[in-house]
Amino acid sequence: MKSFLIIGMGSFGHHLCRALSKQRCEVMIVDRTSDTLEDMLPYVVSAKVGDCTNEEVLRSFDVESFDACFVCVGDDSVLDSLQITSLLKEVGAKKVFSKADNDVQAKFLLRSGADEIIYPELEIATRIAVSESSDSIFDCIRLTAEYSIYELAPLKQWIGKSLKELDFRAQYDLTVIAAIRDGVVRPNLSPGYTFKADEHLLVLGHLEDIRKIIK
C-alpha cells in the first residue's frame, strides 16, 4: 500500500485526498488551519496542523517515508509553494508534485526541486476546449505540454482496414492505444486489428497531427 503526504487542503487538495483514499492509499494531510482538515478525517490516517515553510515542521512528518508528496497550497501562496517544494527535497522527499497555475510558476517550482508539475485548471480547460471545439474529438487526456490521448471516431476510409494495412503510425505519426466499443476498452491492439464503424479510438499524439486527420 502506497502512502502520500498532501500539503495544503484547498479544493484541489480535497479532491486529491478523496481520490487517493478510494485507491486504498494511506494519506497524511497538513494545513495551517484545522478547519480545512476536519471533513477529510474519514479519508486519512493522519491530519496535522502546521506551517510547512518551517523545516523542523516538515522533518517531524518523516517525509522520506512517503512514496510521494503533493504541494497544493493556495493560488495566493506562490512563495510558500516554492519554499515548501525546496524544503521537501532537502529533507529527503522521494518525489514531489507541485501545483501550478501557469508556466512561470511551473518553471520556478521545477528549479526549486519539483519532480512533476500539476496544472489542475489548465488540464480541465484544455480538455473542454479540445472536445467542444471539434465534433470529431470526444475527449482529451493531457499527458505533457505537447502530447495527449484523444478519443475519436475512426475515419470512413479506415473502416474495414487494419493498423498494418494503413501503416498507421508511419502515415499519421499517431499511435492507436485502444478501441472502445459498447463501453468496453480494448487495449493492446494487434497489427491486424480492423477498424469498425461502431467504435471509438484512443489515439496518442500531438494535437496538430490529430487536426490534420479530422479536417
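Here are some notes:
- Residue 59 vs. criteria more than 27 Å from residue 124 (Cβ to Cβ) and either out of contact with any Gly (no Cβ under 7 Å at 6 or more places or on another chain) or not polar (S, T, N, Q) (or both): yes
- Pairs where the first residue, in region 191-205, is free of Cβ contacts under 8 Å to residues at least 40 places away in the same chain and the second is part of a loop (DSSP other than H, G, I, E, B), C-beta under 7 Å, 6+ apart: 194/160; 194/161
- Taking region 92-101 as the range and being surrounded by fewer than 17 Cβ atoms within 10 Å (Cβ to Cβ) and over 15 Å from the mean Cα position of the chain (by Cα) as the test, the residues that pass are 92, 94.
- Checked against the criterion of being in contact with a helix residue (DSSP H, G or I) (Cβ under 9 Å, 6 or more places away or on another chain), part of a loop (DSSP other than H, G, I, E, B) and among the polar types (S, T, N, Q), region 168-188 contains not a single residue that satisfies it.
- Inside region 95-108, residues that are farther than 15 Å from residue 7 by Cα and either of a type outside the set (S, T, N, Q) or out of contact with any Lys or Arg (no Cβ under 9 Å at 6 or more places or on another chain) (or both) make up a count of 7.
- Options 141, 149: the member that is touching an Asp or Glu at 6+ places or on another chain (Cβ under 9 Å), part of a strand (DSSP E or B), in contact (Cβ under 8 Å) with a residue 24 or more places away in the chain and under 23 Å from residue 16 (Cβ atoms): 149
Read-outs throughout are calculated quantities, based only on the coordinates presented, and are distinct from any laboratory measurement. Note that the structure is predicted; figures quoted are calculated from it, not measured. Don't worry about glycine lacking a Cβ; one is built from the backbone with ideal geometry, like all the others, and counts go over all protein chains shown.
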